[in-house]
Amino acid sequence: MTTLTADLPASYLTKEQTIASWLLTTDHKRIALLYFASITAFFFIGGFAATLIRLHLVNPAGTLLQPDMYNRMFTMHGIVMVWFFLIPSIPNTLGNFLVPLMIGAKDLAFPRINLASWYVFNLAGLFVLYFLFMGGVDTGWTFYTPLSTHYANGYVVAAAVAVFINGFSSIMTGLNFVVTIHRMRAPGMVWMRLPLFIWAIYATSAVMLLATPVLAMTLFLVGVERTAGVGIFDPALGGDPLLFQHMFWFYSHPAVYIMILPAMGVVSELIACFARKPIFGYAGMTYALMAIAVIGFFVWGHHMFTAGISIYSAVVFSLMSFVVAVPSAIKTFNWTVTLHKGRITFDAPMLYALGFVGLFTIGGVTGLIVATVALDIHLQDTYFVVAHFHYIMVGGTVSAYFGGLHYWWPKITGRLYSEMLARFAALLTFLGFNLTFFPQFILGYLGMPRRYYAYPPEWQVWHVLSSAGASILAVAYVLPLFYLGWSLFRGERAGANPWRATGLEWRTSSPPPAHNFARAPLVTSAPYAYNPEDGSAIAQDGAHV
Amino acid sequence: MSESAPRPAEQFADFAQQGEVAQLGMFVFIATEVLFFGGLVFTYYIYRHLYGAEFAIAGRDAKLMLGAINAAILLTSSLTMVLAIEAAAADRQRAILRWLALTVALGFLFLGVKGWEYVTDYRDHVVPAVNFLMKPGYGGPAELFWVFYFIATGIHAIHLTIGIGAVLAMMRFARRGRFTPVYYAPLEVVGLYWSFVDCVWLFLFPALYLLGRS
């Protein structure tokens, strides 16, 4: 096996060791790790809020938290998980690390903007900690007016500022990725040879760039209304609260695709590698990614079926939501067909990826149910919706994030983790997740509204099941901290390409040197040139691996 | 080649790539800005459509003359900005500085006129939440017009201020002889941004000052 690793300088981890060399780094790989630290902290803050919610709901009378504190907890959970974990999760850690490596570039197009985005992200995080410790916000993560502008008694403006500033970091990252993917590809890396992860990051970045500014403006207007007492969305002064919902969901529905598209990219890499087969329908997969990104901009009204929009626009938004299911289904079918007659091994990343396919399918199909106007009248604002979007965001995105983390961990750190514990964690995630959220479908069907801090006793059994699942899920999420952390010190050396994968990122040493490659790679073949007959593969620079 | 010869940033192969990347980056950024202002202008036009008569009456109190003077100032400043880029392409170093200085001056002039306009607006009691009187003829949502007027022109002024800062930075670069006919991409990028801010005014001026005057 030939590699491009001859005469490589010191790895990006060992090149310089001072604190300043980390805090002032412009190396995309180090910035990825800085982001990893930040979002891991926020993941556990958001997870802590979720834990309190689930503990509280074990008892129908809701005795653990006061009602007001309960509102603040689910708001905290939503804001932190959406903007400070899910949206940056895959793009800012794995994306930051992998985009230049996968396309054969030395770095992102704007390394200093990349570093600045991390500082901006943490500045936004400081605002989150500020409103958290000052007493929180009780509007829900959606900031609906007039609740947020007139009636909420929490730190709405601080929360809006946090999300507003966070948007800058999203935009900086998305801009960097788009420009890098357009202009920094290695010779021979034409568009139709890009790994699907890169296509997914590209589609995600486009959505980030076009949706985030609208959210920024919307939250700005909410902030102005709340502080100045003018009536932008206040019907008493001529404003229109529905307009707020339109503008909010114009961002926040595409935001779902910001979360799920990168996950689709990760899963495509994982399934091809561990089935040792070229991805089925590569071109279709790229079109499907772009189609989801584009159509995703025209479905936001399905959040507002019961809010008083006209039946005609409800029908159009419902139809568009069905249309977006088509490319999603194409992707699911193609992953499945890729598995067919593959040489499948069930390594930990593959277990996460397979978990993703199953959970994403359930999340997607229940999405069709809530996109149907007549059914949504019954299901709107119930636990059915809560279960649906957690299947997409947690079952989908978080599974893929953990799968990707395990898959590229040897590349990032140069070390192998305990495969047995990792498989155990992957299975535990799948079991715990289903036990947590499947009962919520039933609760929602029975009529349990979301965001209620108490409920009739006959629903207790479902809530107890859900909370039991949540505790399993918590173990599954904490476990990797230990064995991945342990691998940093005691893990076996990984070697350049432990999975015998085809991407350019595996053609340099693990961990890679500061500018990634000893010499610029020349790309000669399509991605995923795996041979299921004997498990061999041809890397994108033509080497047999 | 001497040691002090300028080299492209290390992630790029050459200056051509660096320049292309910089320009594409600015175009992508402008796309996000279009959506940012787009959200505001969209909201404004929704209300303009809902309350056409009330907005028209309120809008007649906008200072048309000052707005028009500012439109002329900004358009001229885009010309001087482009002339600075032309000068860089032709390697006329002193002309670069001259045109940039003129651009900055026009930018400050715009802000001065705008500031004066805000003062007259204040005296006119049309500043929502600070000094607002329902004048004779003003209907219920008239205040909304002024809310949007101040938000839109305020955000535009912030953008212009950032633009002035960027042009000042370009003047520093120019004084150090950083722009050669081979590489003057920073100047082009700042020029793109400047023209964008100019374009925003071309949308705000008719929307806020001209509509409903006839």
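For the criterion of being surrounded by fewer than 21 Cβ atoms within 10 Å (Cβ to Cβ) and within 30 Å of A:PRO67 (Cα to Cα), A:PRO498 fails.
Of the residues in segment B:121-134, none is of a type in the set (Gly, Ala, Ser), surrounded by fewer than 16 Cβ atoms within 10 Å (Cβ to Cβ) and closer than 22 Å to B:THR161 by Cα.
Count of segment A:350-377 residues, restricted to those that are touching a residue at least 24 places away in the same chain (Cβ under 8 Å), assigned to a helix (DSSP H, G or I) and either farther than 30 Å from A:LYS277 by Cβ or acidic (Asp, Glu) (or both), is 5.
Scanning segment A:198-240 for residues that are under 31 Å from the mean Cα position of the chain (by Cα) and among the polar types (S, T, N, Q) gives A:THR204, A:SER205, A:THR212, A:THR218.
Residue by residue through segment A:308-325, note down the ones that are more than 29 Å from A:TYR287 (Cα to Cα) and in contact with a Gly (Cβ under 8 Å, 6 or more places away or on another chain). A:ILE309, the sole residue that qualifies. Checking A:GLY485, A:GLY503, A:GLY491 one by one, the residue that is under 30 Å from A:HIS390 (Cβ atoms) and either surrounded by fewer than 17 Cβ atoms within 10 Å (Cβ to Cβ) or not polar (S, T, N, Q) (or both) is A:GLY485 and no other. If you go through segment A:338-383 and pick out every residue that is closer than 16 Å to A:LEU446 by Cα and touching a Lys or Arg at 6+ places or on another chain (Cβ under 9 Å), you end up with 3.
In the set (1) surrounded by fewer than 18 Cβ atoms within 10 Å (Cβ to Cβ); (2) more than 7 Å from chain A (Cβ to nearest Cβ); (3) not β-branched (Val, Ile, Thr), B:ARG48 fails one condition alone, (1). Only one of the listed residues (B:GLY154, B:GLY139, B:GLY177) is in contact (Cβ under 8 Å) with a residue 40 or more places away in the chain and either farther than 30 Å from B:GLN93 by Cα or surrounded by 13 or more Cβ atoms within 10 Å (Cβ to Cβ) (or both). That residue is B:GLY139. Filtering B:ALA142, B:ALA129 for residues that are within 12 Å of chain A (Cβ to nearest Cβ) and under 15 Å from A:ALA228 (Cβ atoms) leaves a single hit, B:ALA129. If only residues of segment A:515-528 that are surrounded by fewer than 19 Cβ atoms within 10 Å (Cβ to Cβ) and aliphatic (A, V, I, L, M) are counted, the one that is nearest to the chain's Cα centre (by Cα) is A:ALA526. Note on segment A:231-251: residues that are surrounded by fewer than 22 Cβ atoms within 10 Å (Cβ to Cβ), in contact with a Ser or Thr (Cβ under 7 Å, 6 or more places away or on another chain) and either facing chain B (nearest Cβ under 8 Å) or among the hydroxyl-bearing types (Ser, Thr, Tyr) (or both) total 1. If you go through segment A:192-250 and keep only what is hydroxyl-bearing (Ser, Thr, Tyr) and over 29 Å from A:ALA263 (Cβ atoms), you end up with just A:THR227. You will find that of A:PRO262, A:PRO278, the residue that is away from every other protein chain (no Cβ under 14 Å), surrounded by fewer than 24 Cβ atoms within 10 Å (Cβ to Cβ) and touching a helix residue (DSSP H, G or I) at 6+ places or on another chain (Cβ under 7 Å) is A:PRO278 and no other.
When only residues in segment A:216-230 that are part of a helix (DSSP H, G or I) and free of Cβ contacts under 8 Å to residues at least 12 places away in the same chain count, which is farthest from the other protein chains (Cβ to nearest Cβ)? Among those that are part of a helix (DSSP H, G or I) and free of Cβ contacts under 8 Å to residues at least 12 places away in the same chain, it is A:VAL224. Scanning segment B:85-120 for residues that are surrounded by fewer than 20 Cβ atoms within 10 Å (Cβ to Cβ), of a type in the set (Gly, Ala, Ser) and more than 17 Å from B:ILE158 (Cβ to Cβ) yields B:ALA89, B:ALA90, B:ALA95, B:ALA101, B:ALA105. Listed by first and then second residue, the pairs linking a residue in segment B:9-27 that is facing chain A (nearest Cβ under 7 Å) and touching a residue at least 24 places away in the same chain (Cβ under 8 Å) to a residue that is surrounded by 21 or more Cβ atoms within 10 Å (Cβ to Cβ) and among the aromatic types (Phe, Trp, Tyr), with Cβ atoms under 8 Å apart and 6 or more places separating them unless they lie on different chains, are B:GLY25/A:PHE110.
Read-outs: derived from the displayed coordinates by stated rules, not from any lab. Only a predicted model underlies this, so the values are computations on that prediction, with no experimental measurement involved. Here the Cβ is made from the backbone with ideal geometry for all residues, glycine too, and neighbour counts use every protein chain on show.
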